[in-house]
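Heads up: the structure comes next, in structure tokens.
Please treat every number below as a calculation from the coordinates, not as lab data. Since the model is a prediction, treat every value here as computed from it, not as a measurement. Cβ sites come from the backbone with ideal geometry, for glycine too, and all protein chains shown count toward neighbours.
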Amino acid sequence: MAIRPLVILPDALLRKPSEPIGEITPAIRALAQDMLDTMYDAPGIGLAAVQIGEMVRLVTIDISKKSEDDEETPKAPMVFVNPEIVWASDELNVHEEGCLSIPDYYEEVERPARVRVRYRDLDGAAQEIEADGILATCLQHEIDHLEGVLFIDHLSRLKRERVTKRFAKQARRESAA
Ligand code: ZN
């Protein structure tokens, strides 16, 4: 197991589309484990491989925790290989979102309330799930990452520019230090 460094805004990697996964090799399984370790350590409820610098279409999610200090609920890790949204409801829902690549920034985002997602599991089997609530939001957020899209792209231009500027400034300060 390994906790890997997170790729943070404005890193250009976050804007690049990720490659589909062919065969599920031991390296892909190890990457999924690293992603789960990194996600739990952060802590976060979802992670896309690009967020640790691996440009493949792999997503991990665990929405089982009721709060950040919930230690009692058992972990329920989910791994999605090549996930794609095959259906989205017309009904919309608003959830507050954050992103491990945009630390300590939260905003409400409106997205379809329910989605159906096709993917492969780590055994290579084709799967499909229908999700609502926080899982629907999380899946859409992570699948966006695979296309180089961030949740701030769903905000007003003003908000997006403001947060982008803030992180660019922070990155400059850190590289100067
Ligand atoms: Zn994110």
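Some points to look at:
- Residue pairs meeting the criteria (Cβ under 7 Å; at least 6 apart or on separate chains; first hydroxyl-bearing (Ser, Thr, Tyr), in the range 124-139; second buried (at least 19 other Cβ atoms within 10 Å of the Cβ) and outside any helix (DSSP H, G or I)): Thr137/Glu97; Thr137/Arg111
- Members of the range 58-107 found to be within 15 Å of Ala131 (Cα to Cα), within 16 Å of the ligand (Cβ to nearest atom) and assigned to a loop (DSSP other than H, G, I, E, B), listed by number: Asp62, Ile63
- Within the set Leu9, Leu14, Leu47, the sole residue that is within 16 Å of Ile143 (Cα to Cα), buried (at least 17 other Cβ atoms within 10 Å of the Cβ) and out of contact with any Gly (no Cβ under 9 Å at 6 or more places or on another chain) turns out to be Leu47.
- A residue that is in contact (Cβ under 8 Å) with a residue 40 or more places away in the chain, on the phi < 0 side of the Ramachandran plot, crowded, with 19+ Cβ neighbours inside 10 Å and among the aromatic types (Phe, Trp, Tyr) occurs nowhere in the range 92-109.
- Those residues of the range 150-177 which are closer than 14 Å to Ile8 by Cα and either among the hydroxyl-bearing types (Ser, Thr, Tyr) or not in a helix (DSSP H, G or I) (or both), in sequence order: Leu150, Thr164, Ser175
- Residue in the range 115-131 that is out of contact with any Phe, Trp or Tyr (no Cβ under 9 Å at 6 or more places or on another chain), within 16 Å of the ligand (Cβ to nearest atom) and farther than 19 Å from Pro103 by Cβ present: no
- Entry remark, the range 110-122: residues being touching a residue at least 40 places away in the same chain (Cβ under 8 Å) and either in a loop (DSSP other than H, G, I, E, B) or out of contact with any strand residue (DSSP E or B) (no Cβ under 8 Å at 6 or more places or on another chain) (or both) number 2 in total.
- For Leu135, the criteria (1) surrounded by fewer than 21 Cβ atoms within 10 Å (Cβ to Cβ); (2) away from the ligand (no atom under 16 Å from the Cβ); (3) farther than 19 Å from Ala30 by Cβ hold in every case but one, which is (2).
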